[in-house]
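The values are calculated or read from the model by the stated rules, or taken from the named source; none is laboratory data. None of these values were measured; they are calculated from a predicted model. In this analysis, Cβ positions are derived from the backbone assuming ideal geometry, glycine residues included, and neighbour counts consider all displayed protein chains.
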Amino acid sequence: YDDRDGKIWMDGELVDWRDANVHILTHALHYASSVFEGERCYNGKIFKSIEHSERLRKSGELLDMPLPYSVAEIEAAKEATLKANGFTDAYVRVIAWRGAGEDMGVAAKRNPIRMAVAAWEWGNYYGDAKFKGAKLDIAKWKRPSPETIPHNAKASGLYMICTMSKHAAEAKGCSDAMMFDYRGYVAEATGANIFFAKDGVVHTPLADGILNGITRQTVIGMLKAKGVEVQERRIEASELADMQQCWLTGTAAEITPVGQIGDYTFEVGQMIKDLSSEYEALVRA
Ligand code: PMP
């Protein structure tokens, strides 16, 4: 993947894709001192671009690594990257990390905080599950308590258990894993938020131990604008048996229906179909 044409923005400069490298003693590689964003550009415009840039800065603050770039500078970096690669529709990855420097220990205030932006074409995150409904495994790893880790940061360190859970799920023929939180309530998938519907009412976990996704917030707003009741609340595992529809939301996942979680099954119903086409229209508007 590193051997291809294209440009990547790194610390203020556009470099060749092949040259976008970091040193092996990069602090982030050893201690997970990095935060990132996943964004999608549709018809030449990144959906909720400023919200993503603001979240990146917030994630940095939460990890005690304030970014040396303003929202306007992050916006300009993303624009420059898309332009340099000639993309109008692409996935955009912005990453900020603590680099190599004076410090090789855990504390590393003297090491520079760096940033890069890459973009590439990325179709449906869940392949044809986007239409048929994804099959999810139940992860053995739990989302950590907010007293353990800043759950609202989109921080690389939080993804260690996600990768492990997704690998285990794929080994069982599933597309992803649903994770419970540290208390045992339904939380989220490894890179997307989760929603359920029953008798026309929508239920989604409270954002008190998960990433409060930008797509999640968009979808809640869309549903409420249509007059649909949305309950943000603690959802018990036993409730899965009664839910009729289920879907995931995320920048990469967009709106992906879920057909199965463990032994529980759900229909790809009208609410999901309507929501998918409305979301598609919104991001392309
Ligand atoms: N939860 C997790 C763990 C994620 O990685 C993502 C993807 N960023 C989401 C939820 C969805 O967030 P968003 O809608 O902001 O992409």
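Here are the numbers for the structure shown:
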read-out	value
Filtered residues of segment 1-41 (kept if of a type outside the set (D, E), assigned to a loop (DSSP other than H, G, I, E, B) and out of contact with any Ser or Thr (no Cβ under 7 Å at 6 or more places or on another chain))	Y1, R4, G6, G12, A20, N21, V22, H23, I24, L25, T26, S33
Long-range neighbours under 8 Å by Cβ, at least six apart or interchain, first residue more than 15 Å from G200 (Cβ to Cβ) within segment 266-285, second surrounded by fewer than 18 Cβ atoms within 10 Å (Cβ to Cβ) and among the aliphatic types (A, V, I, L, M)	E278/M222; Y279/M222; L282/M222
Residue list for segment 122-139, filter: modelled with pLDDT of 95 or more and on the phi < 0 side of the Ramachandran plot	A134, K135, L136, D137, I138, A139
Some residue of segment 27-35 being within 16 Å of the ligand (Cβ to nearest atom), closer than 19 Å to E121 by Cβ and outside the structural domain of G250 (by TED's automatic domain parsing)	no
Some residue of segment 96-103 being free of Cβ contacts under 8 Å to residues at least 60 places away in the same chain, in the same structural domain as F36 (by TED's automatic domain parsing) and over 26 Å from W122 (Cβ atoms)	yes
In segment 120-162, residue farthest from the ligand (Cβ to nearest atom) [restricted to those that are of a type in the set (K, R) and closer than 18 Å to A253 by Cα]	K132
Residue match in segment 241-259 (condition: outside the structural domain of F47 (by TED's automatic domain parsing), in a helix (DSSP H, G or I) and either surrounded by 14 or more Cβ atoms within 10 Å (Cβ to Cβ) or in contact with a helix residue (DSSP H, G or I) (Cβ under 9 Å, 6 or more places away or on another chain) (or both))	no
Residue that is surrounded by the most Cβ atoms within 10 Å (Cβ to Cβ), among those in segment 169-208 that are part of a loop (DSSP other than H, G, I, E, B) and within 11 Å of the ligand (Cβ to nearest atom)	A192
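Let's see how each residue does on (1) β-branched (V, I, T); (2) surrounded by fewer than 16 Cβ atoms within 10 Å (Cβ to Cβ):
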{"site": "K78", "(1), (2)": "no, no"}
{"site": "T88", "(1), (2)": "yes, yes"}
{"site": "P112", "(1), (2)": "no, yes"}
{"site": "K130", "(1), (2)": "no, no"}
{"site": "A139", "(1), (2)": "no, no"}
{"site": "M160", "(1), (2)": "no, yes"}
